Amino acid sequence: MSEVPYGTLYDIANGNTQFEKIGIGVFMKIAHGLGMTAEELYYGWPTRVEYADPRQEKLNGCYEVLNEESKETIAGVVASFAADPERRTVKDAPWLEADEEPMEIAV
């Protein structure tokens, strides 16, 4: 798991090494291996990101309840919108791949 030796994980899980005593490097590797942030691993709950724009809050809330296929569809639609310079407020979008084509949406 995430480059942490099995023996180290075993010692932590069995209480031979106190979790609070492990180094930050090992801690971060464990969090990454579990797909968590360091904060989530330390405090035991996922943090909720809040956005200033209520529309983004609404989008994220809706996205979280979708199945994987629907998430892929939504990501494609949004990428298509973002690939169109006329729809962007930021005209230079270096995160978009140069060959990205707008997605056709069946209506």
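The values are calculated or read from the model by the stated rules, or taken from the named source; none is laboratory data. These numbers come from a predicted model, not from an experiment. All Cβ positions, even for glycine, are placed from backbone atoms using ideal geometry, and neighbour counts span all protein chains on display. Each accessible area value is taken on the protein alone, full model and side chains, heavy atoms only, with ligands, DNA and RNA left out. Shrake-Rupley method; radii C 1.70, N 1.55, O 1.52, S 1.80 Å.
Per-residue surface analysis assigns Val78 an accessible area of about 90 Å², computed on protein heavy atoms at 1.4 Å probe radius. Computed with every protein chain present, the accessible area of Asp53 is close to 50 Å² [probe 1.4 Å]. Principal semi-axes of the equivalent ellipsoid, √(5λ) from the alpha carbon gyration tensor of the stretch 10-63, are 33, 10, 9 Å from largest down. Computed over the Cα atoms of the stretch 41-83, pair by distinct pair, the Kirkwood hydrodynamic radius stands at 12.2 angstrom. Measuring nothing but protein heavy atoms, the accessible surface of the stretch 1-46 at 1.4 Å probe radius is 57 percent carbon and sulfur.
Which GluC sites (Glu not before Pro) in the stretch 1-76 sit in a loop by DSSP (not H, G, I, E or B) and have at most 16 other Cβ atoms within 10 Å of their own Cβ?
Details: sites: Glu3, Glu20, Glu39, Glu40, Glu50, Glu57, Glu64, Glu68, Glu69, Glu72; in loops: Glu3, Glu50.
Those satisfying the criteria are Glu3, Glu50.
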